[in-house]
1. Here are some conditions: (1) open to solvent by 30 Å² or more (accessible area, probe 1.4 Å); (2) in contact with a helix residue (DSSP H, G or I) (Cβ under 9 Å, 6 or more places away or on another chain); (3) at pLDDT 95 or above. VAL140 meets all but one. Which one does it not meet?
2. If PHE86 passes every condition in (1) open to solvent by 40 Å² or more (accessible area, probe 1.4 Å); (2) in contact (Cβ under 8 Å) with a residue 12 or more places away in the chain; (3) aromatic (Phe, Trp, Tyr) but one, which one does it miss?
3. So how many residues does segment 58-91 have that are of a type outside the set (Asp, Glu), under 14 Å from the mean Cα position of the chain (by Cα) and under 20 Å from PRO9 (Cα atoms)?
4. Among the helices (runs of 4 or more DSSP H) lying completely within segment 164-234, list those that include at least 3 residues that are within 30 Å of TYR52 (Cα to Cα), in contact with a helix residue (DSSP H, G or I) (Cβ under 9 Å, 6 or more places away or on another chain) and modelled with pLDDT of 95 or more.
Amino acid sequence: MRIILLGAPGVGKGTQAAFLSKKAGLPQISTGDIFRHNLKNETPLGKLAKGYMDKGLLVPDEVTINIVQDRLMREDCKYGFILDGFPRTLSQSESLDKVLNEMGSALDCAINFDVADRVIMNRLAGRRVCPNCGKTFHIVYEPPREQGVCDACRTPLTQREDDREETVIKRLHSYHEQTEPLIEHYQRRNLLVNVDAAKPIDAVSAEIEMIIDKIRLSNKEKHLIHKPFDLTAG
């Protein structure tokens, strides 16, 4: 099963991707996590990406595509994957199609997380992260047990530069201009499924679970239809 998650920053893709990964038994591939790993380790790629991410801009396609392609070629992606944060442009979606075609596979579904901009602003403004272990909190919806301190490793929490209000506004502008067209793109290909991501986390997870079950059933039916008759049976 090969799935991509669409939606603006702050809609909850990462949270649901983790749930979906466990439910479907597939690797979660987040370009954001890849870039943050490089940022933390101050690699050449991290330094290159930092200038874009801190300004709320998208990292150039040629950088992102090479990273994703390398990741998809690994053994754990043999039977599928969950792409969180990629593709972000029509050009990237075309590159992804080429990569998958070379691998002899194709996308099964594009899940779009639909949330109003005002809700996203409230979510991101209150988000805090642990710079040590990466655990995420929210000062209103999911606060740490002790204010300003990570529950897991006791490290002081910080606010990411790209979660600050002025940066969020730029990120949303970039999303509407460059990424939102993917919704219509995948809808035309009959791959799009919309999810109301403004609902509580558990409700969104339940809806996604139903989507995955339907995809599995559909794939099983396709397999049975195209399965050759065993003329030696009986």
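The values are calculated or read from the model by the stated rules, or taken from the named source; none is laboratory data. Because the structure is predicted, anything quoted here is derived from the model rather than measured. When we count neighbours, we look across all protein chains shown, and the Cβ atoms used for this are built from the backbone with ideal geometry, even at glycine. These area figures cover heavy atoms from the full protein model, side chains too; ligands, DNA and RNA do not enter into them. Shrake-Rupley method; radii C 1.70, N 1.55, O 1.52, S 1.80 Å.
1. So the condition that VAL140 fails would be (3).
2. (1)
3. Residues in segment 58-91 being of a type outside the set (Asp, Glu), under 14 Å from the mean Cα position of the chain (by Cα) and under 20 Å from PRO9 (Cα atoms): 9 in total.
4. Details: elements: 165-174, 181-188, 201-226.
In segment 164-234, 181-188 are the helices (runs of 4 or more DSSP H) which contain 3 or more residues that are within 30 Å of TYR52 (Cα to Cα), in contact with a helix residue (DSSP H, G or I) (Cβ under 9 Å, 6 or more places away or on another chain) and modelled with pLDDT of 95 or more.
Here is a yes/no grid of residues against (1) under 24 Å from ARG88 (Cα atoms); (2) assigned to a strand (DSSP E or B); (3) in contact with a strand residue (DSSP E or B) (Cβ under 8 Å, 6 or more places away or on another chain):
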site	(1), (2), (3)
ASN101	yes, no, no
SER105	yes, no, yes
ALA110	yes, yes, yes
ARG123	yes, no, yes
GLY134	yes, no, no
ALA152	no, no, no
